[in-house]
Amino acid sequence: MKAFYIMLYHASHPILHHSKKLLIGLLLLFVLLVLFSSCEGTETQRQAYAEKRAEFYPVERVPYVRPSSLITALEEKPSYWVDSVFNTLTPEERIAQLIIIEAFSDKGPAYEADVMRLIKKYKVGGIIFFQGGPVRQAKLTNSYQAASKVPLLIAMDAETGVGMRLDSTVQYPYQQMLGAIEDNGLIYDMGAEVAAEFKRLGMHVNFAPVADINNNPKNPIISYRAFGEDRLDVTAKSLAYMRGMQENGILAVAKHFPGHGDTNVDSHYDLPVIPFKRNRLDSLELYPFQELIRHGVGGVMVAHMHIPQLDSTKNLPSTLSKPIVTGLLKKELEFKGLIFTDAMVMKGVTKYFEPGEAEARALIAGNDVLERLKNVPKAITAVKQAIAKGELTQEEIDRRCKRILTAKQWLGLDTYKPIDLTNLHQDLKPQIADSTNRALAEAAMTLLINKRRAIPVRQHRRTSIATVSFGAKQPPVFQHLVGERIKAKHFVISRKAGKKETKALRKKLKQFDVVLVALYGPSSTPSNNLGYSKETKELVGQLAESEKAVVTLFDNAYTLSQFPEIEESKALLVAYQSHFHAQEAAVKVLFGQLPARGKLPVTVNKHFRYGDGISKDKSFIAGP
């Protein structure tokens with residue numbers, strides 16, 4: 001009690017007598033000291049004392065200066081905003097900050113209410129949007145953000161931009177088409193446009209680029225989604241796309257670590273096995289990721305694959321492997337950014353691990369963010385159980401939670417504002433996006449065969465020309481554009497046409513000197529299998545052997561192998577996709593108004609190999 005009397009004496013000193021507030025404060029401090037020094041104290045008491053101390057000695061609030069990169073931000077001491085938000089979260093809510101749930105904007109009120117329930121009840125950290133419409137998604141984003149205790153990280157798996165998921169928006173080419181382009185600056189420009197459209201929709205993270213090296217023509221899931229089979233090309237183009245996004249404020253996430261290109265199993269439906277030795281993985285699959293990490297990629301997504309050379313545990317996906325996630329990615333490759341799992345609903349993980357157990361194992365392995373879960377409450381419960389067992393620590397969860405909050409601040413969520421719906425449709429279709437798409441398509445056109453200068457196509461007075469679109473229900477853009485340039489007879493035929501229909505068309509085409517053949521797949525998205533009937537394949541082959549067919553493929557380059565005689569064509573052009581700009585660019589090449597500049601990014605078979613492409617520095621003929 002001696003200290004108490006000394007304090008009273010000083011409080012009654014004439015100089016201090018006028019300060020009643022100081023006296024009250026000193027008395028309160030003394031009482032707190034007595035209470036908390038009388039025993040060791042519980043964690044609750046220590047926390048309460050810390051909060052009281054903060055009232056008397058407030059932390060100086062330093063203005064936030066956004067670091068140049070997310071990696072830099074993550075390596076700095078947590079900011080005032082991060083610490084203040086973190087201190088409002090319970091241990092369970094800190095686990096939830098590591099979870100991103102799926103959301104659609106085309107599934108109706110009941111579905112939307114379920115997403116809202118997860119946000120309100122469990123305080124999840126973010127959302128990954130899938131199919132829907134831009135205005136509907138923006139409205140939902142505003143509602144979800146308003147209801148969330150902590151601003152939500154909004155993500156999308158949009159390798160080709162928001163048009164990959166949302167109607168009435170811009171879609172850019174898939175990566176195989178980009179792989180044919182020699183000017184990587186065009187890919188950077190595309191990344192910048194994708195970033196602008198993401199920001200307009202209130203989104204922060206794009207699960208792109210695909211950094212897989214697709215050197216397996218039978219790959220059912222990567223294929224046309226990859227830049228190609230050459231590690232240097234894949235790396236350079238991945239870097240261009242990544243920089244285009246990150247230098248314009250959107251977090252890029254390279255996938256699918258440690259490399260999903262050489263497999264014939266789709267991890268959505270099973271667990272692929274990658275049998276290669278470490279020296280092969282180091283020299284090929286891992287190379288793009290090493291370079292992306294070296295150049296500051298903010299995020300990496302880990303694939304669901306079993307890789308015995310890296311972790312021999314039976315049936316263990318790489319997402320759940322500590323030697324792969326922590327040992328290889330964090331320690332050996334020194335990745336300091338955010339590590340995301342691939343979707344936790346995929347068979348590659350759920351085939352052998354139950355919901356909850358899988359998520360806990362993923363965090364134990366070293367992942368920062370769990371994406372697209374089957375069951376949020378089960379996951380949180382399983383993580384809490386792992387902490388109780390000593391397999392994880394709350395301190396480790398807390399550290400990762402602060403990393404997520406740091407990323408949110410770097411992405412601007414500390415000053416969150418709702419999405420302005422005014423002119424949203426128009427803003428998501430900027431004129432520059434159209435010119436970017438046109439430039440990409442024109443740079444990608446790949447001319448593989450041009451016998452006796454069949455291209456440019458010329459129509460002399462007595463030259464009769466026909467066009468045939470395989471896989472079209474009505475004349476597509478290609479035929480309309482050809483019709484604007486020359487006099488031609490147009491035909492369409494189904495991919496599934498039978499003997500009677502193909503025989504009748506073959507007979508009609510015999511009277512023409514030149515046949516411009518356009519090959520389409522089942523949809524505007526490239527295909528692994530065009531699904532042509534035996535009869536339509538035979539007709540394509542017969543036209544190719546007739547020495548009058550100029551063929552254009554508007555689909556995945558790998559599908560050339562589905563036409564055994566196509567190498568006999570008079571001319572062969574690969575346009576990679578069937579969107580408007582690709583069809584427009586193909587017609588320009590065929591009529592000599594545009595140079596063919598693309599190079600085949602993959603090896604299809606012995607006839608068509610990586611790097612093939614007849615390039616011209618200028619167009620064949622002068623013209624617009």
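The values are calculated or read from the model by the stated rules, or taken from the named source; none is laboratory data. The structure displayed is predicted, hence computed values, not measured ones. Don't worry about glycine lacking a Cβ; one is built from the backbone with ideal geometry, like all the others, and counts go over all protein chains shown.
Just to be sure I understand, how many residues within region 322-362 are polar (S, T, N, Q) and within 19 Å of the chain's Cα centre (by Cα)?
So the count comes out to 1.
Please name all residue pairs, on different chains or six or more residues apart, with Cβ atoms under 6 Å, provided the first residue is in region 574-596 and is farther than 11 Å from ILE455 by Cβ and of a type in the set (Ser, Thr, Tyr) and the second residue is at pLDDT below 95 and assigned to a loop (DSSP other than H, G, I, E, B).
Correct list of pairs: SER578/SER524.
Residues in region 78-95: is at least one assigned to a loop (DSSP other than H, G, I, E, B), surrounded by 17 or more Cβ atoms within 10 Å (Cβ to Cβ), in contact (Cβ under 8 Å) with a residue 40 or more places away in the chain and of a type outside the set (A, V, I, L, M, F, W, C)?
Scanning region 78-95 turns up at least one residue that is assigned to a loop (DSSP other than H, G, I, E, B), surrounded by 17 or more Cβ atoms within 10 Å (Cβ to Cβ), in contact (Cβ under 8 Å) with a residue 40 or more places away in the chain and of a type outside the set (A, V, I, L, M, F, W, C).
Considering each residue of region 309-329, count those that are outside any loop (DSSP other than H, G, I, E, B), in contact with a Lys or Arg (Cβ under 9 Å, 6 or more places away or on another chain) and either under 14 Å from VAL369 (Cβ atoms) or without any contact (Cβ under 8 Å) to a residue 24 or more places away in the chain (or both), and give that number.
The total comes to 1.
Kindly indicate the residue of region 481-538 that is among the aromatic types (Phe, Trp, Tyr) and within 34 Å of the chain's Cα centre (by Cα) and also farthest from SER464 (Cα to Cα) among those meeting that condition.
Filtering region 481-538 for residues among the aromatic types (Phe, Trp, Tyr) gives 491, 512, 520, 532.
Cutting the leftovers down to within 34 Å of the chain's Cα centre (by Cα) gives us 520, 532.
Details: TYR520: 24, TYR532: 27 Å.
Top of the filtered list is TYR532.
Is it fair to say SER578 is assigned to a helix (DSSP H, G or I) and closer than 27 Å to GLU535 by Cβ?
So SER578 does not fit the description; no.
Determine whether region 232-245 contains at least one residue that is at pLDDT 95 or above, of a type in the set (A, V, I, L, M), crowded, with 23+ Cβ neighbours inside 10 Å and in a loop (DSSP other than H, G, I, E, B).
No.
Is one or more of the residues making up region 257-273 touching a residue at least 12 places away in the same chain (Cβ under 8 Å), closer than 20 Å to LEU292 by Cβ and not in a loop (DSSP other than H, G, I, E, B)? Outline the logic, then answer.
Filtering region 257-273 down to residues touching a residue at least 12 places away in the same chain (Cβ under 8 Å) leaves 257-273.
Then keep just the ones that are closer than 20 Å to LEU292 by Cβ; that gives 257-262.
Imposing the further condition that a residue be not in a loop (DSSP other than H, G, I, E, B) reduces the set to 257.
Yes, there is a match, as at least one residue in region 257-273 is touching a residue at least 12 places away in the same chain (Cβ under 8 Å), closer than 20 Å to LEU292 by Cβ and not in a loop (DSSP other than H, G, I, E, B).
Is it the case, given these coordinates, that ALA50 is in a helix (DSSP H, G or I), modelled with pLDDT under 50 and either over 44 Å from the mean Cα position of the chain (by Cα) or of a type in the set (A, V, I, L, M) (or both)?
Taking the combined requirement at face value, the residue satisfies it.
Take the conditions closer than 30 Å to SER615 by Cβ, surrounded by 24 or more Cβ atoms within 10 Å (Cβ to Cβ) and in the same structural domain as TYR416 (by TED's automatic domain parsing) and apply them to VAL210. Does it pass?
On the way: closer than 30 Å to SER615 by Cβ: yes; surrounded by 24 or more Cβ atoms within 10 Å (Cβ to Cβ): yes; in the same structural domain as TYR416 (by TED's automatic domain parsing): yes.
Spelling it out, VAL210 is indeed closer than 30 Å to SER615 by Cβ, surrounded by 24 or more Cβ atoms within 10 Å (Cβ to Cβ) and in the same structural domain as TYR416 (by TED's automatic domain parsing).
What number of residues in region 127-148 are out of contact with any Pro (no Cβ under 7 Å at 6 or more places or on another chain) and either closer than 15 Å to LEU413 by Cα or free of Cβ contacts under 8 Å to residues at least 60 places away in the same chain (or both)?
Final tally of qualifying residues: 13.
Of the conditions (1) farther than 30 Å from ARG136 by Cβ; (2) surrounded by fewer than 22 Cβ atoms within 10 Å (Cβ to Cβ), HIS425 satisfies every one except a single condition; which number is it?
(1)
Given the conditions (1) in the same structural domain as HIS581 (by TED's automatic domain parsing); (2) without any contact (Cβ under 8 Å) to a residue 24 or more places away in the chain, report the number of the one that SER435 does not fulfil.
Evaluating SER435 over (1) in the same structural domain as HIS581 (by TED's automatic domain parsing); (2) without any contact (Cβ under 8 Å) to a residue 24 or more places away in the chain leaves (1) as the failure.
Does region 246-268 contain at least one residue that is aliphatic (A, V, I, L, M), in contact with a Ser or Thr (Cβ under 8 Å, 6 or more places away or on another chain) and buried (at least 24 other Cβ atoms within 10 Å of the Cβ)?
Looking for residues that are aliphatic (A, V, I, L, M), in contact with a Ser or Thr (Cβ under 8 Å, 6 or more places away or on another chain) and buried (at least 24 other Cβ atoms within 10 Å of the Cβ), one finds at least one in region 246-268, hence yes.
Looking at region 284-302, can you tell me whether even one residue there is in contact with a Lys or Arg (Cβ under 6 Å, 6 or more places away or on another chain), aromatic (Phe, Trp, Tyr) and either part of a helix (DSSP H, G or I) or closer than 28 Å to ILE95 by Cα (or both)?
Yes.
So which residues in region 357-390 are out of contact with any strand residue (DSSP E or B) (no Cβ under 8 Å at 6 or more places or on another chain), under 22 Å from LEU153 (Cβ atoms) and assigned to a loop (DSSP other than H, G, I, E, B)?
LYS374, ASN375
Just need a number here: residues in region 298-346 that are surrounded by fewer than 19 Cβ atoms within 10 Å (Cβ to Cβ) and aromatic (Phe, Trp, Tyr).
0
If a residue must be closer than 21 Å to ASP212 by Cα, in a loop (DSSP other than H, G, I, E, B) and among the acidic types (Asp, Glu), how many such residues does region 330-356 contain?
Selection size over region 330-356: 2.
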